[in-house]
Every structure is written in structure tokens, then in C-alpha cells.
1. Would you be able to say whether some residue in the stretch 73-85 is part of a helix (DSSP H, G or I) and closer than 19 Å to residue 119 by Cα?
2. Which one is farthest from residue 151 (Cα to Cα) among residues in the stretch 340-374 that are surrounded by fewer than 24 Cβ atoms within 10 Å (Cβ to Cβ) and in contact with a Ser or Thr (Cβ under 6 Å, 6 or more places away or on another chain)?
3. Please go through the stretch 181-229 and pick out each residue that is in contact with a Leu (Cβ under 7 Å, 6 or more places away or on another chain), of a type in the set (A, V, I, L, M) and under 29 Å from residue 78 (Cα atoms).
4. Tell me which of these residue 130 doesn't satisfy, since it passes every other one: (1) under 27 Å from residue 206 (Cβ atoms); (2) touching a Cys at 6+ places or on another chain (Cβ under 9 Å).
5. Looking for something at positive phi and either part of a helix (DSSP H, G or I) or more than 16 Å from the chain's Cα centre (by Cα) (or both) - is there at least one such residue anywhere in the stretch 96-111?
6. In this structure, does residue 293 turn out to be in a helix (DSSP H, G or I) and closer than 26 Å to residue 266 by Cα?
7. Could you please let me know if residue 97 is at pLDDT below 90 and more than 29 Å from residue 341 (Cβ to Cβ)?
Amino acid sequence: MGNPAQDTVRKRRRAFLGATSGHLIEWYDYGVYGFLAVYIGQAFFVSDDPTTSLLASFAAFALSFFIRPLGGLFFGPLADKIGRRKTLIMALVMMSGSTVLLGLLPTYASLGIAAPILLILVRCVQGFSAGGEIGTVTSFISEYAGPGRRGFATCWLMVTAVLGLLLGGAVANGMTWVLGAEVMQDWAWRVPFLIAAPLGFISMYIRLKLEDSPEFLALQRAGQTSRAPLREVWQWKRAIALVFFIITLHSSIFYLVLTFASTYMAKILKFDSGTTLLYVFVASFSAAFVMPFGGAFTDKYGRKPFLMVIGTLATLAMFWLFKMAPTATPATFFAPLMAVAILFGLYASSTYALMSELLPTRIRSTGIAVAYNVPVAVFGGSAPLISTWLIKVTGDITSPWYFYVATGVVSLIALVVLRKEDFVASGSPQVAPAGAALA
């Protein structure tokens, strides 16, 4: 007979591998698109003004994020009714398939106005599936981890998100370096998207062999799964609001470090491509490196005080980054960029765990999907678009700080009002406590 403890450890490791592998593919796609935005803009949004093409490309990028809440509304309740595993498989098929399809799309030169329309539709499918993935995968990992380990366990979702973006960036930039900008613009921009096919098959193989989370299976055996999670989730209005506002900073700083920073350095500060690429990769790896330490720290000492301190420092660091930009050189810009990156890694290390601890098992996927996807769309996916627009209309390259600092202030206010009573203990009644609904 097998050792039950060893079997549990094996199941947990397999669950983490299956969940994070699919998450990596999701963010690989976003990384490829972000790093190839210039080529995609010129291929699908033809304009005499390169900035206009870039804005249109970023707008398509942002649109996929505004579709995410719809995906969350579909997949989140599904995961709370039929299980996390089945829902994760469905989301992965949709995400991988649409990413490959993007690499096969005809451009404006061959299809005219229909080309950007098709691109937008594909990005919407990607956003829809990504919106369904987040609530389900966070619930799946946190429920397998159990109390006392959720910070460390769920932080690996953020680590793989960063690594997925970096992998996408490495493939895109590596091909650009080898083939040159002309070949990339002609046809080679497609290849990084097509690579999603084998990655998707590998992740699918792993996910098909998973068992559902122990907490969900226990709820299912007891006949306590929610029949109407989308209706029931609004009994937890306070928790939904707290997650929404705490994730605001998480969203904006994520896309500052991993998407907009490269465009800002290359297009606004006129740093050479080698410096820009090096800085983005060093900053991103640094953020990923500190995440497990932050997650483990909050498991032991608590999430609220840690997030308040780190959130305050991150907000100040973003202000520093943009205010010193007019006189920035590659040498002077490195320090504020690294400060923002490391503080982003520490802040994001425990936000997923916090989300899972504010909502009960029976509506956890739905609650996270509802509360997380909207701020990611408004303050995350649209961050490059908003930042580029602010610079264009004001003529001030420091102007993005208004947006980023505002997101930090919003999250800090939410953390101030977060109470110990807001956390849902594992095994507690799966009903809304008194005061859970906001007046």
C-alpha cells in the first residue's frame, strides 16, 4: 500500500505543475504580443503615423482585457459548479487555440479592413479564456495548498506569469536579433504565436491527469456546491470590493514593469534596444525571484501589514521612476526601475493568496473572477494605452505618474479598511458572515 502522506505530496506537486504550466502559456501570449506590438500595429493598423499604429495595437491589447470579465462571468461559476479541473482544461484549449490562430491571420495588406477586425476578435477570445482561467487556477492552487501555505503556493502563479511574459519576450526579441526588423515585419512575427501549439499540448496532457482540489471535492461529496454562484457571490459584496481595490495596484505595476517599461525606454527615452531588453529582463527576473520570499513571509507574519508597507514604497517608487525621466540616462534609470520591479514582486507575491482567503470555497472561483478581472482590465491591460495617451495629449513624458500613483493610493485605502474578520477560515461555514455585504 502507498504512503498516504507521500500520495498527497505527489498530487499537490502534480496539481501545481498542471496549473502553472497553463498559466505560463497564457502569459507567454501576452508577452509575445507586448514585445511585437510595433510589428503587429504596422501589419494590421496601417497609418502614416507610427505612434497611431502603436496606439491601435495597444488598444487591441487592452480590448482583450476588457473582455476578461465576461470570461470570468462564464468560467468562474462553471468552476464552482462542475469543478476546477474541467474548467481549467476548457480555458486552456481556448487560450492555446486562439494564440495559434493569431499567428495565422492575414494582414491588412492582403485582407484590408477585415484583418484588424479578425485580430480584435481573436484577442477577445484570448481575453475571454484568460478571464476564466484566473479565478479557477487561483482557487485550485490555494485549495490544494491549504492554510499556512497559500502565500508561498499561489505566488508561483505570479512567478510563472512573469516567466511566461519573459519567455514570450525572449522568443520575440531573439528572433528580431537573428532575423532583423524587416523579416520580422514581413512574416516572422507569426512564429512566436505558433509556438503556443506544442506548449499547449504539453500543458493539456498534464491537466488531463489531475484530480480536482480536495476542498472542492469535499464540498461536492457533502452536496454543498453552489447551484447559483453568480447570484450567491453578491452576498460577499465587501470581500468583492476589497479584492477589486487591492488588485488595482497589483494590475498597474505589473504591466508597468512587464509591458510599458520597454516601450517607454525605447520610444520615449530613446535607449538603445540592447539596454532596453537587458533592463526589462533583469527587472522582471528580480521581481520573480523575490516572490517566493514574499509569499512565505506573509504565510508566517500576515498579509495586511506587509502589503501596506510594500504598497506604500511601490507607489513612491513609481513616482520616482517617472519624475526623473526627463534627465534619465541608462545609468540613472536603472535604480528606480529596479526599485519598482522588486516592490512589484513583493506586493504581487501574496495578493492571490489574499483573494482566496477573503472568499469561501463554494463561490471562490466566481468571486475572484468577478473582483479580479475588472481592475486588471481597467488599470492593467489598459495601462500602456493610458500612459501613451497621457504623454501624447500633455506632451509631458512624466505624466504617466498621475495614473500609476492613483492606483497605488486606491489600493492602500482598501488595505487600511481590511479587517481580520474579513478573512474566511478554512473549514468555516460557507455562508456570508454578518457585515459581509456593503451597505
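The values are calculated or read from the model by the stated rules, or taken from the named source; none is laboratory data. What you see is a predicted model; the values in this text were computed from it and never measured. For neighbour counting, all protein chains shown are included, and Cβ atoms are generated from backbone atoms with ideal geometry for every residue, glycine included.
1. Let us first name the residues in the stretch 73-85 that are part of a helix (DSSP H, G or I), namely 73-82, 84-85.
Subsequent filtering for residues that are closer than 19 Å to residue 119 by Cα retains none.
Checking the stretch 73-85: not a single residue is part of a helix (DSSP H, G or I) and closer than 19 Å to residue 119 by Cα.
2. Taking the candidates together, the pick is 362.
3. 204, 206, listed by residue number.
4. For residue 130, the exception is condition (2).
5. Let us first name the residues in the stretch 96-111 that are at positive phi, namely none.
For the stretch 96-111, residues at positive phi and either part of a helix (DSSP H, G or I) or more than 16 Å from the chain's Cα centre (by Cα) (or both): absent.
6. Values: in a helix (DSSP H, G or I): yes; closer than 26 Å to residue 266 by Cα: no.
In short, no.
7. Numbers: at pLDDT below 90: no; more than 29 Å from residue 341 (Cβ to Cβ): yes.
Taking the combined requirement at face value, the residue does not satisfy it.
This table checks each residue for (1) touching a strand residue (DSSP E or B) at 6+ places or on another chain (Cβ under 9 Å); (2) within 30 Å of residue 223 (Cα to Cα); (3) of a type in the set (Val, Ile, Thr).
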position: 89; (1), (2), (3): no, yes, yes
position: 123; (1), (2), (3): no, no, no
position: 129; (1), (2), (3): no, yes, no
position: 145; (1), (2), (3): no, yes, no
position: 160; (1), (2), (3): no, no, yes
